[in-house]
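K.L.:
Can you read through this structure? Questions will come right after.
What follows is calculated from the coordinates using simple rules that are stated; it is not laboratory data. Everything numeric here is computed off the predicted structure, so don't read it as measured data. Every residue, glycine among them, receives a Cβ derived from its backbone with ideal geometry; neighbour counts consider all protein chains shown.
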Amino acid sequence: MHLSSLLSKEFFLSVLGPTSFKKAIEEAEKLSESLKLRYEEVEVRKKLEEKERQEEKKRREDKTEKDGGRASPKGGKEIKKVKEQKELINGPSKAAVPAGGITAEGLFKIMKDQGITVIVMDARCLRDFQDSQIQVPTQNVISVPEEAINPGITVNQIEANLPDASRETWKRRGFVDYIILLDWFSSVTDLKLGTTLQSLKDALYKVT
């Protein structure tokens, strides 16, 4: 490699002469330095432009947020109202509650609230319901036993198989604020086609 470089240098010296060769080296160095400065200038310009874009974006976002806050105070109140209602139902639970679900604490709160009407439909078997029934004097808890529920069933078919004590409250299901479905262990994420609670939910949503 050293020999090749030496031969190349001697070759160019013989062709260009010492003066021209030295001048060519100087010009190449100047060009290299010029290109380096231009590259650095381009990089600096890019960074400045990016910084300006970010600042402009932040100004627009701040302005939009400020204008939105002034233009829709009612909207802010509505959001707060929905948030408070969710907290009333679910409580300040540490774990996120899936949409449509409720914590035990949230259920207890709404059942104790005399301004809210609730029917709790307990889909455990009738014997379990009788052994460990939820009891809140101002609210209604009825047995809708799992043995009365099948996939594709209708509300009329369910009603025909309800315990006598559940039927009057069952008929008033359309006039309450909330209907809560429960069994021993299910959560909203467990509601799958063919499960007891999903079949009960489907029946309640059907138009009969």
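K.L.:
Taking the Cβ of ASP183 as the center, what net charge do the other residues with Cβ under 11 Å away carry, scoring Lys and Arg +1 and Asp and Glu -1?
P.N.:
Cβ neighbours under 11 Å give a net charge of -3.
K.L.:
With θ set to phi - 60°, apply the Karplus curve 6.51 cos²θ - 1.76 cosθ + 1.60 along region 110-123 and write out the HN-Hα couplings as whole Hz, x wherever there is a Gly or Pro.
P.N.:
Working through the residues one at a time gives 6, 6, 7, 7, 6, x, 10, 9, 9, 10, 9, 9, 8, 9 Hz.
K.L.:
Can you grab the distance from the C-alpha centre of region 165-188 to the C-alpha centre of region 98-114, Å, no decimals?
P.N.:
Cα centroid of region 165-188 versus Cα centroid of region 98-114: 13 Å apart.
K.L.:
Test of understanding: ordering PHE129, PHE175, PHE108 by Cβ neighbours within 10 Å, fewest first, what list do you get?
P.N.:
Fewest to most other Cβ atoms nearby, the residues stand as PHE175, PHE108, PHE129.
K.L.:
Around ILE180, which amide H atoms from residues at least 5 apart in sequence, or from another chain, sit under 5 Å from its own amide H, with H modelled in the peptide plane?
P.N.:
Distant-sequence amide H within range of ILE180: ILE119, VAL120, MET121.
K.L.:
Can you give me the distance in nm between label points at GLU168 and LYS46, each placed 7 Å from the Cα along the Cα-to-Cβ direction?
P.N.:
Modelled inter-label distance: 8.0 nm.
K.L.:
Got a sec? How would TYR205, TYR178 order by Cβ neighbour count within 10 Å, fewest to most?
P.N.:
In order of increasing Cβ crowding within 10 Å: TYR205, TYR178.
K.L.:
First select every other residue whose beta carbon is under 14 angstrom from the beta carbon of ASP128; then total the charges, Lys and Arg +1, Asp and Glu -1.
P.N.:
-3
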